[in-house]
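Chemist: I'd like to ask you about the structure that follows.
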Number of protein chains: 2
Amino acid sequence: MPRRRKPGSACATTKWSLLAPANPMDRLDRDRTPTNGEVDNHGRTGEECRGNEAEFIAMHIVHVHVHVKPECVADFITATLANARASGLEPGIARFDVVQQTEHPTRFILVEAYRNPAAQAAHRETAHYLTWRDTVAPMMAEPRTAVKLVNLHPDEAGW
Amino acid sequence: MPRRRKPGSACATTKWSLLAPANPMDRLDRDRTPTNGEVDNHGRTGEECRGNEAEFIAMHIVHVHVHVKPECVADFITATLANARASGLEPGIARFDVVQQTEHPTRFILVEAYRNPAAQAAHRETAHYLTWRDTVAPMMAEPRTAVKLVNLHPDEAGW
């Protein structure tokens, strides 16, 4: 499929770069690998999708943004590190990072890298997650939010 | 130092949990390791700060939030993956992840994990960064933003 340059734009557009299927699991367009320089929703060429004859496996990544009450920072960290250490032992979890904003120490991000959505569902049934959820509930300064993401780099072997 | 519970609060407060020194590099309070159950700004006990007699080394982590024009998604990914692959070879960079929002494919986060702030300064002088910066400039839907963070988990060996 030829790429068309939008008049006045810095970029060419393709059918693939604008697709946003209802089901995120379909986003790699597994039924049809891009060919002849086309790219899929993630900008990957057919060669990049296929790799060395191996199918690209998208990670299921979640950034959980947490804002805690100032007096709860220490207790939140204690509870969250316990959960992170236990979560890191789950087979479906590649990374479970806990980071704190340098300039706003009451704000944290949990960077959760699951092998697939089922791994997140399994995590939510673990004792350590349920304990964490209940322990930190009264510590929230506002409801936490989650952003769902997919890895473009590195590929699944790098997590 | 005894921890005092704020009336009506779920949490006790400590001197350490509320410190936010002007210089982020001072945040671990290196002049005085917490003792007797105290925690530092990051909720670490003295034992956790000291580890096995080794000083805790804070990572310098940056989340760069990027919103690109819809027609630029594919070109942005191509330029950004090239930069990410080259950046991963820099000695001061532990990880350089590129992730894309599942529900908003024009929004990306670059998760940059530097060993220290000097590593970020060095990165900004590399040819691959400068090329990326100039290449993606016209692709932005809005100015990108950066959030500075420090790792609580895992420690520096886990990045």
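Chemist: Would you confirm whether or not segment B:94-104 contains a residue that is at pLDDT 95 or above, under 18 Å from the mean Cα position of the chain (by Cα) and more than 27 Å from A:A146 (Cβ to Cβ)?
Modeler: no
Chemist: Now for a different question. So A:K69 ticks every box in (1) crowded, with 19+ Cβ neighbours inside 10 Å; (2) closer than 15 Å to A:W132 by Cα but one. Which box is left unticked?
Modeler: For A:K69, the failing item is (2).
Chemist: So which residues in segment A:111-159 are basic (K, R), touching a residue at least 24 places away in the same chain (Cβ under 8 Å) and in a loop (DSSP other than H, G, I, E, B), if there are any at all? Reasoning before the result, please.
Modeler: Step one: filter segment A:111-159 for residues basic (K, R), giving A:115, A:124, A:133, A:144, A:148.
In the following step, the residues that additionally are touching a residue at least 24 places away in the same chain (Cβ under 8 Å) were identified as A:115, A:144, A:148.
Listed by number, the residues that qualify are A:R115, A:R144.
Chemist: If B:D134 meets every condition in (1) among the charged types (D, E, K, R); (2) over 12 Å from the mean Cα position of the chain (by Cα); (3) within 30 Å of A:S87 (Cβ to Cβ) apart from one, which number is that one?
Modeler: Checking B:D134 against (1) among the charged types (D, E, K, R); (2) over 12 Å from the mean Cα position of the chain (by Cα); (3) within 30 Å of A:S87 (Cβ to Cβ), the one that fails is (3).
Chemist: What are the residues in segment B:88-105 that are buried (at least 20 other Cβ atoms within 10 Å of the Cβ) and more than 14 Å from A:L152 (Cβ to Cβ), if any?
Modeler: B:I93, B:A94
The values are calculated or read from the model by the stated rules, or taken from the named source; none is laboratory data. No experiment lies behind these values; they were computed from the predicted model shown. Quick reminder, even Gly has a Cβ in these numbers, built from the backbone with ideal geometry, and neighbours come from all protein chains shown.
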